[in-house]
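**Q** What follows is a single structure, and I will ask about it in a moment.
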Amino acid sequence: MTLTELRYIVALAQEQHFGRAAERCHVSQPTLSIAVKKLEEELGVLFERGKQKILPTPLGEKIVAMAGRVLEQAAAIKDVADADKDQLEGPIALGTLPTIGPYLLPQFIPLLQETTNKLSLYVEEGSTAELATKLRNGDLDALLLTAPFVEADVVTQPLFDEPFVLLLPGDHPLASRAQVQPTDLKPAELLLLGEGDSLREQILASFPHLDPHKETGVGVRTFTQGATLETLRHMVASRLGVTILPQTAAEAPLYAPNLLVTRPFVSPVPKRTLALAWRVSFPRHKAIDLLRKAIQASSSAYWNYNTAKSQEAPGVMVENRNW
C-alpha cells in the first residue's frame with residue numbers, strides 16, 4: 001500500500017462518490033477506482049458500492065480512520081523536512097470559506113505579491129469540516145475562517161473582527177436611518193443562507209429573535225442547494241427582501257449607486273471574528289506571519305474597527321504599508 005492509495009480511500013470515505021473523490025484528489029475516476037480495488041485485494045472489502053452512495057464497510061471504517069492518522073503523520077514529517085528551506089519560497093495552500101474568500105482574497109493577494117515574489121498561494125474553498133480534515137492531512141497548510149475554531153494540534157490566531165451590516169434596497173424605509181436596531185428587522189423580510197451554514201448560525205446567534213426555530217422568528221426565508229452570498233445580494237437587488245452580511249461582502253461594488261445600500265447596526269455592533277489556523281508542526285512561521293499581515297493590512301474592517309487611529313491631522317488615519 002502507498003500513501004497515495006490511503007489518500008484515495010480517505011477521500012472516497014468522505015465524498016461517498018468515486019467521481020467527487022477523484023476530482024478532489026486531482027486524478028481521473030478510473031485511476032482512483034483501480035487503486036481502491038488494488039488496495040481491497042490486499043486488505044479486504046473496504047467499501048459497499050450502492051446506487052446512491054459509496055459507504056465504508058466495518059473493516060473499511062477502521063482502516064480509513066487509521067489511514068487518516070497515517071496521513072497526518074506523513075504531513076508532520078514533510079513539515080519537519082521543509083523546516084530547513086527558505087520559509088518564504090514555494091507554494092502555500094490556503095483553505096477558506098465561500099463567505100470569506102471572494103471578498104478578502106482580491107484585497108490581500110495583490111499586497112502579498114508586492115511583498116514577495118517567491119511565495120505562491122494556492123486557494124481552496126470548502127466547509128469548515130472539509131477544510132479541517134484537509135489541514136490535518138497536510139493537503140492544506142493554513143485556513144482563513146471564522147472563530148471559534150478548535151482542533152487538536154492546530155494553532156488558531158484571531159485576525160480581526162468584522163461587523164455585520166444590513167443590505168437593503170435604496171428605497172427601503174430603513175434606508176433613511178443612519179443606524180438600524182436589530183428589532184427593526186422583520187423576519188419575513190430577511191433572506192439567509194440555508195441551515196448548517198456557519199455564517200447563518202453566526203448571524204442567528206447575534207440576532208436571536210430572528211431564529212426560525214423560535215416562535216418570533218417564524219418566516220425567515222432561507223436558500224440552500226449551492227446558494228451564495230451573491231445569490232442573496234441579487235435577491236435584495238430585486239427587492240425581494242433584505243439580508244445581513246459581513247461588511248466586506250456587503251460593500252462589494254456590483255450595482256449602480258443607490259440601488260443597494262448598507263446600514264450599520266447600533267452598538268453593540270454584531271460581528272464575526274476572522275482567524276488564521278495552521279498545524280502546530282508547520283515550520284514556515286515566516287510565511288504564516290506574512291500572510292497574516294497581508295490580510296490585516298488590506299482589510300478595511302481591520303483598520304476601521306480593530307486598530308487605534310494614529311492622527312497626524314484631524315480625521316487622517318496613518319497607515320504603515322511598510323510592515
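The values are calculated or read from the model by the stated rules, or taken from the named source; none is laboratory data. This structure is a prediction, so every number in the text was calculated from the model and none was measured. In this analysis, Cβ positions are derived from the backbone assuming ideal geometry, glycine residues included, and neighbour counts consider all displayed protein chains.
**Q** Can we say residue 140 is in the same structural domain as residue 291 (by TED's automatic domain parsing) and assigned to a loop (DSSP other than H, G, I, E, B)?
**A** Here the answer is yes, as residue 140 does meet what is asked.
**Q** Let me ask another. Give the residue, chosen from 161, 141, that is touching a Lys or Arg at 6+ places or on another chain (Cβ under 6 Å) and in contact (Cβ under 8 Å) with a residue 60 or more places away in the chain.
**A** Going through 161, 141 in turn, just one is touching a Lys or Arg at 6+ places or on another chain (Cβ under 6 Å) and in contact (Cβ under 8 Å) with a residue 60 or more places away in the chain: 161.
**Q** Only residues that are part of a helix (DSSP H, G or I) and among the aliphatic types (A, V, I, L, M): list them for region 38-69, please.
**A** Once the filter is applied, which keeps residues that are part of a helix (DSSP H, G or I) and among the aliphatic types (A, V, I, L, M), region 38-69 yields 39, 43, 59, 63, 64, 65, 66, 67.
**Q** Which residue is nearest to the chain's Cα centre (by Cα), if the candidates are limited to region 270-293 and must be modelled with pLDDT of 90 or more and over 14 Å from residue 157 (Cβ atoms)?
**A** Applying the filter and picking the extreme gives 272.
**Q** For region 118-138, name all the residues that are under 15 Å from residue 278 (Cβ atoms), of a type in the set (Gly, Ala, Ser) and without any contact (Cβ under 8 Å) to a residue 40 or more places away in the chain.
**A** 132
**Q** Looking only at residues that are crowded, with 17+ Cβ neighbours inside 10 Å and more than 18 Å from residue 250 (Cα to Cα) in region 184-212, which one is modelled with the lowest pLDDT?
**A** Filtering region 184-212 for residues that are crowded, with 17+ Cβ neighbours inside 10 Å and more than 18 Å from residue 250 (Cα to Cα), the one modelled with the lowest pLDDT comes out as 212.
**Q** Residue 13 is checked against (1) closer than 23 Å to residue 282 by Cα; (2) of a type outside the set (Ser, Thr, Tyr); (3) in a helix (DSSP H, G or I) and fails just one. What number does that condition carry?
**A** Status for residue 13: all satisfied but (1).
**Q** Could I ask something else about it? When you look at residue 245, is it modelled with pLDDT of 90 or more, outside any loop (DSSP other than H, G, I, E, B) and not charged (D, E, K, R), yes or no?
**A** yes
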